[in-house]
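Below is one structure, written out as structure tokens; the observations come after it.
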Amino acid sequence: MSELAIMLREGSFNNRAVLVPYDFIPPLGEDMIEDTDTNRIIYNLPSREIVVNSENAELSFESNFTVMPQDCNYTQKVVFGGAMLAQLDITAAACVARLLRSSGTAESGVTYKVSVTFHKPSHCGDIIFLTAKIVELRKKAIVVAMEAHKEERHSSERTHVATGEFVFVSMKGENYVHHHLSLEE
């Protein structure tokens, strides 16, 4: 029995040849091209994009923490920037993990790039409220907007203390993968 190589051009099979028996091959369609020089049929698989919105996926996540003495600089009792950055990263990562449940291909996301601006200091004892929101989905990247507000010990008024943007890359095992998600516009 003769076999014919079929090139797959989408997803995890991108540009890989698969040998199949001639009688298994469906008739040429719009998404198939026959290459007689290499005896291959090039088949563009249909897109597996999943459109996500606030009704079918979790696009935001909220968290909080209390500034403890170990989170503060030793000269002043204000939060150390690295401690705040770690909490922002953990919250953004939780937001991405919840989104990727919908993916079917990606298992996790890793932090690729971070940009944070600190607007006001937070002191020991302040409660910090963190909000993460998915704002952009690229082929393999997920962009998360972050905001942090503080509530001082003796006041219920909230003050904006930090803003950030975190870019995560979707992964499966040790490989970067297309998450097949897109935001509804």
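Side notes on the structure shown:
- Packing-based exposure ordering (other Cβ within 10 Å, fewest first) of VAL79, VAL52: VAL52, VAL79
- Remark on segment 50-183: hydrodynamic radius 15.5 angstrom, per the Kirkwood mean of 1/r across alpha carbon pairs.
- Per-residue Cβ neighbour rank within 10 angstrom, fewest leading, MET171, MET146: MET171, MET146
- Using the average count of surrounding beta-carbon atoms within 10 Å as a protection proxy, the listed peptides 104-116, 125-137 rank, highest first, as 125-137, 104-116.
- Summary of the geometry: segment 132-164 and segment 77-110, compared by the centres of their Cα atoms, lie 11 Å apart.
- Residues VAL110 and ASN64, FRET efficiency given R0 of 25 Å [Cβ-Cβ distance, rounded to 0.05]: 0.55
- In nm, spacing of pseudo-spin labels at LYS140 and THR163 (7 Å Cα→C-beta vector): 3.0
Every number in this text was worked out from the coordinates using simple rules, so none of it is lab data. Only a predicted model underlies this, so the values are computations on that prediction, with no experimental measurement involved. For neighbour counting, all protein chains shown are included, and Cβ atoms are generated from backbone atoms with ideal geometry for every residue, glycine included.
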